[in-house]
Amino acid sequence: MRDSLQKNLKKEKTIRMSKVTFFAMKDKIAPKEKGITTMSVKEVLQSLVDDGMVDCERIGTSNYYWAFPSKALHARKCKLEVLESQLSKGSQKHENLQKSIEKAKIGRQEMEERTRLAKELSSFRDQREQLKAEVEKYKECDPQVVEEIRQANKVAKEAANRWTDRSTSHGIIT
């Protein structure tokens, strides 16, 4: 299905580009010249309009289609200019990044002291992680946490006493 649509697109495009004139949907040029089925002409034309390869204008109750070879050439030239501009910007950015890398490498030569300091930094980071884990392990013994647990127990006890007092005063529990 997809292959036949692609073939029909190519055929319709060549028809519209080869004749520098306007076409209406009711014109039967595509089925006669290139063997495109009448049912798929509308779909193919709409696809070409969506891709910007064919122009369409509604005049009265009819849609008219046209495509000039110069428009396609102009569109390709514009696209080429945009791509060349993007390429030059990308090349310039690449050059700038290479220069900044070279600049950053100055003064960062591998030396014994730098290597030793990097290892020391790594060991300090590991030690910090171990200490954090140990603090987390003993967190439940923290006086502040213990006090919070006591307060929560006190509130729960008072709530239980209120509940049992209400139950006994209403004769629920005897």
Review point. Residue check: is R76 out of contact with any helix residue (DSSP H, G or I) (no Cβ under 7 Å at 6 or more places or on another chain), more than 30 Å from D55 (Cβ to Cβ) and open to solvent by 100 Å² or more (accessible area, probe 1.4 Å)?
Key: no
Check your understanding: Taking interchain pairs and intrachain pairs at least six residues apart, which have beta carbon atoms under 6 angstrom, with the first residue in the stretch 57-72 and free of Cβ contacts under 8 Å to residues at least 24 places away in the same chain and the second part of a strand (DSSP E or B) and surrounded by 10 or more Cβ atoms within 10 Å (Cβ to Cβ)?
Key -> E57/Y64
Point to revise | Failed condition for D55, given (1) open to solvent by 80 Å² or more (accessible area, probe 1.4 Å); (2) among the charged types (D, E, K, R); (3) modelled with pLDDT of 60 or more | key: (1)
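The values are calculated or read from the model by the stated rules, or taken from the named source; none is laboratory data. Here the structure is a predicted model, which is why all the values come from computation and not from measurement. Note that each Cβ is placed from the backbone with ideal geometry, even for glycine, and that neighbours are counted across all protein chains shown. Areas reflect the complete protein model, heavy atoms only, side chains present, ligands, DNA and RNA absent. Shrake-Rupley method; radii C 1.70, N 1.55, O 1.52, S 1.80 Å.
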